[in-house]
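Structure first, commentary second.
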Amino acid sequence: MDGDPPLVSSLNSTTVDFDLSPEQQSIRKLAKDFADKEIAPGARERDRGETFPKDVLRKMAPLGLLGGPVPEKYGGIGLDFVSHALVTEEVGRADSSVRTTLSVQISLVEMTILKFGTEEQKQRWLPSLCKGEIIGCFGLTEPEVGSDATKLRTTAKRDGDSWVLRGRKMWISNGSVSKLALVFAQGDPSKEAKGITAFVLERDRQSYGSQALHGKLGLRSSDSSELILDDVRVPDANRLGEIGDGFKIAMTALDSGRYSVAAGAVGVAQACIDASVQYATTRKTFGKPIAGHQLVQELIADMVVETEAARLLVWRAGDLKDKGRPNTRETSIAKLYASEAAQRAADNAIQIHGGYGFSDEFPVERYWRDARVNRLYEGTTQIQKLIIGRFATGIDAIG
Ligand SMILES: Cc1cc2nc3c(=O)[nH]c(=O)nc-3n(C[C@H](O)[C@H](O)[C@H](O)COP(=O)(O)OP(=O)(O)OC[C@H]3O[C@@H](n4cnc5c(N)ncnc54)[C@H](O)[C@@H]3O)c2cc1C
């Protein structure tokens with residue numbers, strides 16, 4: 001028919017392009033230079049002292065890196081999603097604690113307000129989040145409820161033009177340092193998932209409490225806290241999305257957060273390769289650098305293959321996001337694979353470093369400790385497998 005493109009031409013227009021654009025290369029370089037100069041050097045001391053990286057964030061903000069994918073009109077720099085992954089990988093390569101802080105700020109909080117907020121809410125909150133004037137947190141998990149978020153126990157009771165929130169949130173990254181909290185509460189338990197509503201709390205107005213958690217295996221310089229909601233009164237104007245849409249909003253936020261975790265995990269895996277190559281080419285045994293022993297090269301080759309595979313999975317998910325296409329399955333695959341690959345890479349890296357790998361004289365033991373949480377938060381490895389399995393079989397085996 002006139003006007004329809006011939007089939008062959010539409011086939012030819014479908015390309016798989018692994019080359020980054022000049023803009024993507026330049027934002028990657030900016031993030032890499034910043035990570036090498038401003039993030040990596042202090043990572044060990046922050047880890048030892050459980051010091052929240054506020055100085056790093058202060059330096060990142062003017063570069064626009066605290067609001068990467070948020071459009072410029074709301075204070076971000078309008079990065080495409082592949083670029084967002086490139087930046088997140090570089091930050092994750094240097095320090096997973098900083099990367100976690102950023103993942104929550106950008107992918108869970110800013111992107112969720114961007115997607116579900118009214119114009120007034122976006123204007124009100126996004127510019128100060130993107131500039132780093134306020135830190136945000138995302139409160140879904142509770143002391144009794146993690147994977148099964150439909151069962152959350154924090155309640156939201158309507159009272160005139162306000163809501164009264166009561167409950168506890170557990171393991172909330174950025175919780176103690178936050179000035180803004182995106183939280184989820186149950187307004188009608190009889191409706192289960194459909195009774196959950198999302199709210200944005202501004203600490204200066206709806207004072208919620210927090211208690212920092214200590215003694216973590218890794219991510220020691222990121223803040224993890226319990227949030228305390230003791231009858232916190234929230235105006236209805238701070239409701240995000242429709243009443244009862246909270247669970248849907250939380251799951252959409254996790255699609256965004258998982259992508260960021262996956263990119264950060266690729267960064268950890270790359271850091272493990274870099275440290276291992278450096279060490280293996282200088283440390284000598286039996287008269288030659290250990291990189292010259294085939295079994296050591298095998299450890300490195302395994303890391304390289306899995307890191308590249310993980311990176312490509314992240315880029316594919318990002319490409320779908322950039323095209324506005326469904327990507328829950330692809331994001332889960334990337335998150336699952338990258339987080340497991342990062343853990344294996346960190347384990348190989350310690351092996352290559354021998355006894356020194358067991359000490360924080362070298363960064364690889366921190367990579368190993370920090371990589372562990374990627375398999376837990378934003379949906380555990382088991383939950384990712386169940387999401388992927390549901391797409392494969394059509395059967396929901398999560399519940
Ligand atoms: C450092 C850190 C930071 C975090 N930051 C945040 C944050 O900012 N905001 C937030 O809301 N949460 C955060 N979390 C919480 C995190 O998302 C949860 O820990 C995670 O979702 C798992 O929930 P859970 O710990 O309650 O484990 P549970 O849900 O109790 O699961 C325990 C085990 O059972 C398995 N399991 C559960 N259900 C199934 C099933 N159906 N089939 C098979 N296996 C199953 C799990 O995979 C896991 O192995 C953070 C956690 C940590 C450790």
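The values are calculated or read from the model by the stated rules, or taken from the named source; none is laboratory data. Source: prediction; values computed, not measured. Methodologically, a virtual Cβ is constructed for each residue, glycine included, from the backbone with ideal geometry; neighbour enumeration extends over all protein chains shown. The accessibility values were calculated without ligands, DNA or RNA, using every heavy atom of the protein model including side chains. Shrake-Rupley method; radii C 1.70, N 1.55, O 1.52, S 1.80 Å.
So here's what we get for this one:
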read-out	value
Residue within region 146-167 that is under 16 Å from Phe199 (Cα atoms) and under 16 Å from the mean Cα position of the chain (by Cα) present	no
Test: residue in region 298-310 that is at positive phi, at pLDDT 95 or above and either surrounded by fewer than 23 Cβ atoms within 10 Å (Cβ to Cβ) or within 13 Å of the ligand (Cβ to nearest atom) (or both)	no
Evaluation of Glu23 against (1) out of contact with any Ser or Thr (no Cβ under 8 Å at 6 or more places or on another chain); (2) modelled with pLDDT of 95 or more; (3) open to solvent by 90 Å² or more (accessible area, probe 1.4 Å) (one fails), failing number	(1)
Residues of region 272-297 classified as open to solvent by less than 40 Å² (accessible area, probe 1.4 Å) and not polar (S, T, N, Q), total	8
Meets criteria (modelled with pLDDT of 95 or more, open to solvent by less than 10 Å² (accessible area, probe 1.4 Å), part of a loop (DSSP other than H, G, I, E, B) and not hydroxyl-bearing (Ser, Thr, Tyr)) for Gly67	yes
Residue count, region 253-266 (criterion: among the hydroxyl-bearing types (Ser, Thr, Tyr) and either under 18 Å from Gln186 (Cβ atoms) or in contact with a Leu (Cβ under 9 Å, 6 or more places away or on another chain) (or both))	2
Test for Ala309: is it among the aliphatic types (A, V, I, L, M) and without any contact (Cβ under 8 Å) to a residue 40 or more places away in the chain	yes
Selection status of Gly136, buried (at least 20 other Cβ atoms within 10 Å of the Cβ) and either of a type outside the set (D, E, K, R) or modelled with pLDDT of 95 or more (or both)	yes
Residue in region 103-133 that is surrounded by the most Cβ atoms within 10 Å (Cβ to Cβ), counting only those that are within 16 Å of the ligand (Cβ to nearest atom) and polar (S, T, N, Q)	Ser103
Residue in region 365-397 that is nearest to Gln351 (Cα to Cα), counting only those that are assigned to a loop (DSSP other than H, G, I, E, B) and open to solvent by 70 Å² or more (accessible area, probe 1.4 Å)	Leu376
Filter result for the condition that a residue is closer than 25 Å to Ala193 by Cβ and touching a residue at least 12 places away in the same chain (Cβ under 8 Å), over Asp319, Asp231	Asp231
Where a residue in region 328-351 is modelled with pLDDT of 95 or more and its partner, wherever it lies, is among the small types (Gly, Ala, Ser) and surrounded by fewer than 24 Cβ atoms within 10 Å (Cβ to Cβ), with Cβ under 7 Å and at least six apart	Tyr337/Ala309; Ala349/Ala275; Ala349/Gly357; Ile350/Gly357; Gln351/Gly357
Which listed residue is surrounded by 24 or more Cβ atoms within 10 Å (Cβ to Cβ), within 13 Å of the ligand (Cβ to nearest atom) and among the aliphatic types (A, V, I, L, M), from Ala253, Ala269	Ala253
Selected residue [free of Cβ contacts under 8 Å to residues at least 24 places away in the same chain, under 25 Å from Arg369 (Cα atoms), open to solvent by 70 Å² or more (accessible area, probe 1.4 Å) and away from the ligand (no atom under 16 Å from the Cβ)] from Lys73, Lys29, Lys54, Lys37	Lys37
When residues of region 351-364 are limited to those that are part of a helix (DSSP H, G or I) and crowded, with 20+ Cβ neighbours inside 10 Å, the one nearest to the ligand (Cβ to nearest atom)	Val364
Residue match in region 41-55 (condition: aromatic (Phe, Trp, Tyr) and over 19 Å from Val314 (Cα atoms))	yes
Among (1) open to solvent by 70 Å² or more (accessible area, probe 1.4 Å); (2) acidic (Asp, Glu); (3) touching a Ser or Thr at 6+ places or on another chain (Cβ under 7 Å), the one test that Glu242 misses	(3)
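For (1) free of Cβ contacts under 8 Å to residues at least 24 places away in the same chain; (2) open to solvent by 10 Å² or more (accessible area, probe 1.4 Å); (3) in contact with a strand residue (DSSP E or B) (Cβ under 7 Å, 6 or more places away or on another chain); (4) more than 16 Å from the ligand (Cβ to nearest atom), each residue gets a yes or a no:
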{"residue": "Thr150", "(1), (2), (3), (4)": "no, yes, no, no"}
{"residue": "Thr155", "(1), (2), (3), (4)": "no, yes, yes, yes"}
{"residue": "Ser162", "(1), (2), (3), (4)": "no, yes, yes, yes"}
{"residue": "Lys169", "(1), (2), (3), (4)": "no, no, yes, no"}
{"residue": "Ser173", "(1), (2), (3), (4)": "no, yes, yes, no"}
{"residue": "Gln186", "(1), (2), (3), (4)": "no, yes, yes, no"}
{"residue": "Ile196", "(1), (2), (3), (4)": "no, no, yes, no"}
